[in-house]
Structures are given as structure tokens and as C-alpha cells.
Amino acid sequence: MAIRVSLLLLVFLSSAVVSFSLYEDQVGLMDWHQRYIGKVKHAVFHTQKTGRKRVIVSTEENVVASLDLRHGEMFWRHVLGTNDAIDGVDIALGKYVITLSSQGSMLRAWNLPDGQMVWETSLHSAQSSKSLLSVPINLKVDKDYPILAFGGGYLHAVSAVDGEVLWKKDFTAEGFEVQRVLQPPESSIIYVLGFLHSSEAVVYQIDSKTGEVVAQKSMVFPGGFSGAISSVSSDKVVVLDSTRSILVTIGFLDGDINFQKTPISDLVKNSGNAEILSPLLSNMLAVKVNKRTIFVRVGGEGKLEVVDSLSDETAMSDSLPVADDQVAFASAHHEGSKIHLMVKLVDDLDTVLLRESIEMDQHRGRVHKVFINNYIKTDRSNGFRALIVMEDHSLLLLQQGAIVWSREEGLASVTDVTTAELPVEKDGVSVAKVEHTLVDWLKGHMLKLKGSLLLASLEDVAAIQEMRMKSSGRSKLTRDHNGFRKLFIALTRAGKLFALHTGDGRIVWSMLLNSPTKSEACERPSGINLYQWQVPHHHAMDENPSVLVVGRCGSDSSAPGVLSFVDVYTGKEISSSDIGHSVVRVMPLPFTDSTEQRLHLIADTEGHVHLYPKTSEALSIFQREFQNVYWYTVEGDDGIIRGHGMKSSCAGETADEYCFTTKELWTVVFPSESEKIISTLTRKPNEVVHTQAKVSTDQDLLYKYVSRNLLFVATVSPKGAGEIGSVTPEESALVVYLIDTITGRILHRLSHQGCQGPVHAVFSENWVVYHYFNLRAHKYEVTVVEIYDQSRAENKNVWKLVLGKHNLTAPISSYSRPEMFTKSQSYFFAQSVKTIAVTSTAKGITSKQLLIGTIGDQILALDKRFVDPRRTLNPSQAEKEEGIIPLTDSLPIIPQSYITHSLKVEGLRGIVTAPAKLESTTHVFAYGVDLFYTRLAPSKTYDSLTDDFSYALLLITIVALVAAIYITWVISEKKELSEKWR
Amino acid sequence: MDKRKAVMGAGRRWAVDFSDQSTVPSSRDILDPPGFSRVSPEQDDSATSRQKKDAEANWKLQKAWEVAQSPFKNLMMMGFMMWMAGNTVHLFSIGITFSALWQPLSALQSVGKVFEPFKDNKVELLMPKLVFLALNLGGLALGIWKLNTLGLLPTHASDWVSSLPPPQEVEHSGGGFAFH
């Protein structure tokens, strides 16, 4: 009977019409949303005397945004698509923000105050080339100077007012690369400088009114040029020659080209290869050589002289005109825990306008970029504010020696996420502290009661809302018994770890993996992935949990790896080690040692695997399971999947006893002319499955084929690997496979003719759901495949099961060749999808929901019941009672089931789910440019009372009942007495 | 309240009992008054009393049979109610089914009590009791059958397998695409 209770409950729940929407006043109770912009590439200040002071930034996440200079808040923000990288941003006419994106083929104007798009012009582009944006500094408002945009081999002059293309000029000639487009102020001549075959400098003079070439000059430079170029004034540029040892000044005054060569060895002794840095300084250039940055002044006749040299770690701003025709620039460098910011005059480097030292968090790393802006102080002197971008991508505004505001923009580029528990509550801290006194508690509940009885006034409603928001320590730093408070550990592209609290999304701690204090062989490891290293429970409770960050000392795949272990409670690095071999794959094993450290295998490029942690205990555990550990590799380019088994310790080659050699066991080769691997997927290793049986309506049993060693592979025909619609339906086919990764056996193959990727899939329990495009129907489709075990289907005798005479819980091996069958069904789906995830709960009893990240950067929760292959057109009464929905050709998109409600997770890249301790509830964390978190209960919270539950009403009812019992008892006593006297 | 009790209980000093239930004169200290006979009236006219007794026994038997058959009515009504309730699990059907189970059970427990009033050495109560038992067992069976049709009895393989966790796997595998 008890067995049935849970099932009964589910039947109850599924028969109810479940709606997942929330009321307006519930927004923000469980969910939080954080908006970011990413690492800033360009910044343009807009600080007029009147009006709000703001800075326009464009970022590496393809965001253009306007920030308040006072507080760092966002006025507006636009996230362009992933393929729409911003090349240049500027302000035109004092009211439009101009962005050039998509390699110079898209020019847009946004209204400065509110960010509305004013116009958009698609520019003609023929080839890929660098793109340049030149917005004239408009001194006279009445005169409309055109915006010059170069990209894709064409130079366009675009009117700033309406975005109309005034003229365009073709520079697509063979071997010609445009390097600079210069427009001297107050001049109608535009200079276009380019290199022909990297050896001939060509200068075109173009009339800015008509776009006609007025003059063309060219001159061959025998040494040849390398790409880097720095324009020092309106008629001079400096380039490096192809050997990177000679600086060449190219003057094109009045159309005459002249070269002036200066070997770098004349400037600096023992110079190596030089590199021209990007800042735009007038009459000066910055060259990086010998790990120092030298400043070279360009004299009137092209003569070069070194004026200053700074350390390699210095970041510099572009030059900024300050009063009296003077030009200043800022430089910032790191020293110890301080940042030194200096603003100097370009003409006279000894004049330091500003020298500030600012205490800076170690975990922000070095300064990457500086942008400065000046303002007039009350004493009529120049004040400077500097916007700096740090190594961890954070953005800070420095003014008057202090950090005015900072933004953690590293969180816009999260690459990997894992979860961690908070510390257990100590005896000293109790909940009573939060609930103050009984009177307050009662007051609060009386208010809630008023609210639920619709008696509350507007002020009361506001008070209730406020009370809910800060209710019962949702942001406390200790574990709660429902498991609602947790940490999400996020690794960002900058190599910084952030611990985010689920309650309010604040950063509990952050840690830069390559903080500048470390001076090891590997100076700047790039973080790759994040693993749960130690999750203590049961017998190792006094240990702190920790995460493993796997990094690499370079971008090359054969570069040596770095392991870093980080304590989750404190955010401190416990240890880090250079492991001396490359990291190609990391495989967490399902074994832990006595301190709950998980065993990990790391494969290197030579086909060896290395065991971590390097302890004898781990080694003995691993040796026990030596024959049962396998690994596989997917070679996407060749279309091969290989399976490997453990062979022996590689003691013969190295003395390392934690290193093992492997042998190849099987290969699956896909025919390269017809199939190309586009997606592979396995189940999440920590997913909990409650039961192995699936009960159908007529009490029939199906045994789920639940295996962690299943690999879902999707292939398309090579022609169809491109954009949707680039092939005809006849040419394209999508084939999906389910492959056992132990034996290499293909368990199932399903082919979709006339279909195309990209494939987004989710694999959970015994089912896979995947999303692709159907070329014939011109629609997206979703297919579900459920896998069942046929070989155990014979276990149907009740008495044998009652007496336990079955082998259903005996360990199974992939070599036993289980017979299996699949059920599948396809549906149309109206939306394009970015990512799919599935909810996960602590025991796996609660029904599941698919979380679909749509193209609109929202997350749609879709019940698994909608993608159930048992759906039929006319389900029987019993099937309906079981919750089977009549089959429809397309999956419904119910607006209320968007869990992001009115918000957007801009640039959505991934969704992570983690179970709470309460079985009904799951944490959902979505990341992209924005972060979003919420708690979901796919079958509603059947195991707890909601926050709205009126305890006061319950209390009052109980008191009233007790009072009523007492009164009636007294009355009955009296009556009895009077009866007796009668 | 306590005061009142004290008045009624502890405040009583003496009492006279006027009732007299004893039938044996020797047990009494005071002799019966002359002319008073303690012999009961039944013994006087035994013929009419026997007739009366027979009638009463008959009546008792009849009543016992009626009581024995009463569960049948119940059974019919229960059956009707169950048919009305349908085969789905909801509050109504569960309530009906549990009352259908509980009624026969409680009746079976109190078989002795039910037939207490008809107890007589002249009345043969075995048959009515058996019928009563049988009918109630029938009711119980009906309840259990209903429970089963509702799917609340673990009579299917699925009921025993659902709680079994998926089997452990012997082999472990990991890997995938190489890191970029």
C-alpha cells in the first residue's frame, strides 16, 4: 500500500491542471536577475556641462550600453547577436551613438538619452577585412560631415542624420589592405592609406563630398610591412617592417609619400621583436619591446626619439585634449596591492597632471584598459576620472583617488557552473535572531492574514511585500533544512571564480585563479572546467567542501595543465599544482576516498591517463576497479568515436605510479561523405533515478534502460552542416545514434530524412529529447526517444517479486548485451532553441520539466508529459486519468510557463539545474550576458507549505476551537447540574 | 466545581436504602410480614408462562435472523454506492471503500454483542451467527475487491518493482570531445 502512496500522489498531481505561472507580487521572491555588459572594449564619454554624465561602452559580449558615470548604473543596453561583434563605437552630432558591427557591414545609430534605434544601415561588403569607423568631431552643428565606415573592402560615407549612404568607394582590389582612414579636421580631403601585397604603401585622397579619388600615390617599400600600424598625426603613421625590428614612419603630407626608417636597436639596446601598441597618442607612439613599453616621440621630420619607458604591465589610455591645446594621456600599472594611475601631458612627459595610488583587491588582477575623461573642478583646474578594465573583466571608475563604483563584468562570460553547499548552522546562531520577538512574528502574520482576507490597505500590501522580500533569512550564509540556500560556483572566461548565493544572488566570495601575487612557472593559466572535488557528508562532515578547477598554461592543447583546489566556504585556494602533463579530458569517477574526495582521471595527449588525488588510498580504490574503467574519445573532424580500456601502469616509461596506459577497444567510424558529428551528449553523472520501472495504464510493466554509459550522437550530412536552409531537403539527413561507451555497440539508430541541425538535446534517465530543423515542413521539430530494457521484461511474477527472488537490483554489465527497444515520437515546435536542460530533484521522484532556452533569451518550462511517446490521438479514460495528453502535432507554448516571466537572460548560453533537499524543488540557474536564478517545483510544492500559508489563520482557528470546546463544556456542566437539581 | 462535588459526596452522613432485591428470607434480619409470599408470579401459572416463553423464544429467533440478514441490505447498498463511486481514486471512492471495509470488520468484532439480547438456552443462535458472519465477510470481500479495482492493493508486479532502484553498473566510462 505504501508503495502506492507516492504513485497515488503523482496521479493526483498530474490529474490536476498544473499552472506554473506566478502572480505579480511573487516576482522576485524566489528569483533574481542580474544584468551585465561584459568586458569593455571601447568607451566614449559624454560629459556635457548640463544633463546626466554618461559613458557609452561597447564590449566583447557584443553589447552597447550607456552607463551612468555617477553610480555605474545602466541607462540602456542593447545586446547584438553573437555574430554581430562591435568594431567601433562613437558619438555623432552629440545625440547619436554610432556603432559599426559585423566586420564593418552594419552601421547603427542609437538615440543617446534613451537608447532607441534611430537608423540602421546595412553596408555592402565583398570580402572580410578589418573595419574602421571614423566619426568626425562635429564642431559646427549646421554642417553635416559624413560618417566614414570602412569594412568588407568598401569605404562608405554615411549621413549621420538619417543613415543614408552618400557614396561608396571600392577598395576590393587584389592584395590591397586598407589600414587607416584619416580625415584631418576642417578638411574636405579624406586620406585612405593601405598596403598592396604588404610591400607597397598606397595613399588615396578622396573628396569627402563626392567620394571621388582626387589623387593617388604609391611607393614601394622593399622590406615589406607587418600588420601593426599606429597613426601619430593626421599626416603620419608609423608601422613596423616585416622583420619587426625597424620602425617606418610614413608621411603623406600633400599626397607625397615618404618613408623614414629607424631601427629599434637605435632606440633601445639589445632589442628583440617589437610590437606597436594600440593607444592613439598624438605625435607619439607606444612600442612594446623587451617586455617594456617605450614611448617614442615622432618629430616634425619623422625623427624618432625615446622619451620614456614603463614596465610591461602598464595600461595606457588614448590621448585626451585638455585645456590650452594640450593633450594628456593616462597610464595605470599594478604594484603590490595598489594601482598607480598617472595622467601626463603628451608633449611634456615630466608634467604629471595627476598621480594617484588606489588600494585594489588582489583578485581583480592587472589593469587591462584605461579610458580617461576630464572635467573642470571648482578651482578651474583639470580633474580626471578614469574608467579602468581589470584582468577579471571588472569595470571601475576612479576619481579623486577612490573607486567611485565597480561592476563585476566577469559574470557576463560564465563558462562553467557547479553547485556547493553552505556551512551547517552552528549552535550559537539560531533562527530566533531572525524572527526577533513573538510579537513581531504575530504582527507579521496578522498582516499576512489581512492580506489573504482582502482586508489589507495599500500600505499594508507594501509592508507585506517588503516583509516577504527579506523574509526569514533567505540570504543567510548557512544551510537550511530545505536546501534552498546554496552556492553556485561560476568560472568565468577571465579565470575568476565567483560564489553566488541562491537567496539574493550576491557574490559571497570571488577568486582570481591567476592572481598577480603568484609567481610560478605557469603565470597565466586559463581556466577550462570546474568539478566538484570534495562534497563532504556523512562521515567527513568536518571537512570543507572544495571544487577542482582544471586549467591550462596556454591556448595549445598540449600545454601543461594546472589543477587548483578551492575551498568553497572561504573562497581560498587550498593548493594548486602544475601537473606536468597536458589535459585533454577530465573524467570524474564514481568513487570517493575516505575524506569524500572524488577520484578523477585526466587524459593527456599521449593517450595516458593520470589518477587524482595522488594518494595511496585513491590508488588502491582505483586498482580494485581497474578493469571496469573505460573512456572514449570523440573526434569530430574525422567522424570517429573510439573506446579505450585501461591496460597497465605506465611504470615502464615513467616512475609515476598514478599514470596508466590505455588500449583501444573499439571504434565507430561514421562515413565522412555522408555523416558529420555535430553533437554528442551523455547523462549527467550525478542524476538520481528513483525507479527502474515504468508502469503503464493497464498495470503493465516496462523496465527503463537506465545506464550512465550511453552516448547520444547526432550526425548530419556534411552539406547540411551549415546554415538552416542552405541545402535542399533531399540532400540533408539527420541521423541520431545511441552508443554504449563500454562496448561500442550501437543500441539504436534513427534517421530523419530532410532534416538539419543544429541539434540541441537533453538526456535524462532513459530518454533523450532533441530539437532540430525539418526542411520539408519548414519547421523546428522535437523528437523524444525512450529506451526500455526487453531482457528484464520477464520479471512479472508477483510472488517472486514479493519474496525477493529476482535479479532486478543485481549489478549489470554492458557485456551482457541487454535486449532493448525504444519508443519515439516527434512534434513540431514553434521556436528556435539555444539550449535545453531538464530539472533534477534530490530523489528523482518528482516529474520532470524540460527547460528550453528560446531564441528570445527566455526559458520555457515544458512538462515531460508533453514529450511522451505514449501520447495518442484519443487516449482512453484510464490513460487520461494517468495524465496522458491527447497527441497534437505541435508542442504548446503557454506564455505563463516562461519561468523568466517578463525578464530576458540576454545572450543565454546555458542552464544549470541542481536539486534542493526538498524533493519537490529544484534550483535553476541560467547564464549568458545576464544571470537568472529561480526555484522551480515541477509538480508544485506537494511536500511543504507555501510561503503564503497563513499560520495566523491556522492559529486563530485552533484558539477559537479550544475556546469553543471549553465554553460548551462549561455550559453542558451547568445544564447537567440543573438537571440533577430538578 | 470541586465544591459542588464535596457537597454531594463528602457531605452525606447517613442514608436509608428502601429498595430490597434479596429473594431469600434467611439473608435478611427482619422476617417477612405475615401473608406475604416471596414466590414469583410466573411460578404460579406455569402454563401461560411457558406459552409466553415459547413466543418470546420464537420472537427472539426471528429477531436474530433479522439481525443476521441485516448486513445483506447493507451489502446491496454498499455495492450500489461502489458502483456509483466509479473506479478512480478520489475522496468519495476512497471514503466509500474504507467504510465498506470498516463496517464488516467492526460488525465481526461485535458478533457476540449483537446477538447478546437474543441469548437464550432455547434459541439456536449458531445459524444466524454464521449467516451474519458470512454476509459480513462478503461485505469485507466486496470492500477488498473494490480496493483492488481502485488499484490500491499491491497485486501487480509494478507495485513491487516501483520501489526498486535501478541496478548498479559494473563498468564506468567517461570522456567526450577534447577540450579546446
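The values are calculated or read from the model by the stated rules, or taken from the named source; none is laboratory data. Owing to the predicted nature of the structure, the values given are computational and were not obtained by experimental measurement. As a convention, Cβ positions derive from the backbone with ideal geometry for all residues, glycine included, and neighbour counts pool all protein chains shown. Please note that ligands, DNA and RNA were not included when accessible areas were found on the heavy atoms of the full protein model with its side chains. Shrake-Rupley method; radii C 1.70, N 1.55, O 1.52, S 1.80 Å.
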Cβ neighbours within 10 Å from other chains - mean over B:147-159 | 6
Surface per residue (accessible, 1.4 Å probe) for segment B:68-153, Å² | 60 Å²
Kindly work out what percent of the DSSP beta bridges joining two residues of the protein assembly as shown are antiparallel, to the nearest 5.
-> 95 percent
Cut-off 9 Å between beta-carbons: net charge of the residues surrounding A:Pro545, Lys and Arg +1, Asp and Glu -1 | -4
In peptide A:809-822, how many Cβ atoms from other protein chains are near each Cβ within 10 Å, on average?
-> 2
Determine the per residue accessible area of segment A:311-440 with all protein chains present and a 1.4 angstrom probe, expressed in square angstrom.
-> 45 Å²
Summing -39500 (n - 2.57) over every DSSP H run of at least 4 residues in the protein assembly as shown and dividing by its residue count gives a helix-only mean residue ellipticity at 222 nm, to the nearest 500 deg cm²/dmol, of -5500 deg cm²/dmol
Restricting attention to segment A:767-856, which GluC sites (Glu not before Pro) occupy a DSSP loop and are surrounded by at most 13 other Cβ atoms within 10 Å?
-> A:Glu794, A:Glu819
How large, in percent, is the carbon and sulfur part of the accessible surface of segment B:68-153 at a probe radius of 1.4 Å?
-> 71 percent
Across A:Lys338/A:Lys369; A:Lys291/A:Lys338; A:Lys448/A:Lys486; A:Lys834/A:Lys917; A:Lys864/A:Lys940, pairs whose alpha-carbon gap is larger than 19 Å | A:Lys291/A:Lys338; A:Lys448/A:Lys486; A:Lys834/A:Lys917
Gain on full stretching of the segment that runs from A:Leu665 to A:Phe176 - 0.36 nm per residue minus C-alpha separation | 170.7 nm
What average count of beta carbons from other chains do you get within 10 Å of the Cβ of residues in A:627-634?
-> 4
Counting pairs of Cα atoms in segment B:68-153, how many percent are more than 20 Å apart?
-> 38 percent
Local electrostatic count at A:Met446 - Lys and Arg +1, Asp and Glu -1, tallied over other residues with Cβ under 13 Å | +1
Mind ordering A:72-79, A:900-907, A:147-154, A:457-464 by average Cβ neighbours within 10 Å, highest first?
-> A:147-154, A:900-907, A:72-79, A:457-464
Lysines with Cα under 23 Å of A:Lys450, excluding same-chain neighbours fewer than 8 positions away | A:Lys470
Please give the net charge around B:Ser93, taking every other residue with its beta carbon less than 14 angstrom from that of B:Ser93, where Lys and Arg add +1 and Asp and Glu add -1.
-> 0
Rg/Rg_ref, chain A, where Rg_ref = 2.2 N^0.38 Å and atoms are Cα = 1.11
In terms of solvent-accessible area of protein heavy atoms at a 1.4 angstrom probe, what is the ranking of A:Asp857, A:Asp162, highest value first?
-> A:Asp162, A:Asp857
Put simply, what bits of segment A:934-982 lose 40 Å² or more of accessible area when the other protein chains are there, versus the chain on its own (1.4 Å probe)?
-> A:Leu977
Taking a probe of 1.4 Å and counting only protein heavy atoms, give the total accessible area buried between chains A and B in Å², rounded to the nearest 100.
-> 4400 Å²
Farthest towards the positive end of the dipole of chain A, among A:Asn62, A:Phe45, A:Ser847 and with Cβ unit charges of +1 on Lys and Arg and -1 on Asp and Glu, lies the Cα of A:Ser847
Please label the shape of segment A:671-797 as rounded, prolate or oblate, based on the square roots a ≥ b ≥ c of the eigenvalues of the alpha-carbon gyration tensor (a/c under 1.5 means rounded; beyond that, a/b larger than b/c means prolate, else oblate).
-> prolate
Percent carbon-and-sulfur accessible area, chain A, ignoring ligands, DNA and RNA, probe 1.4 Å = 53 percent
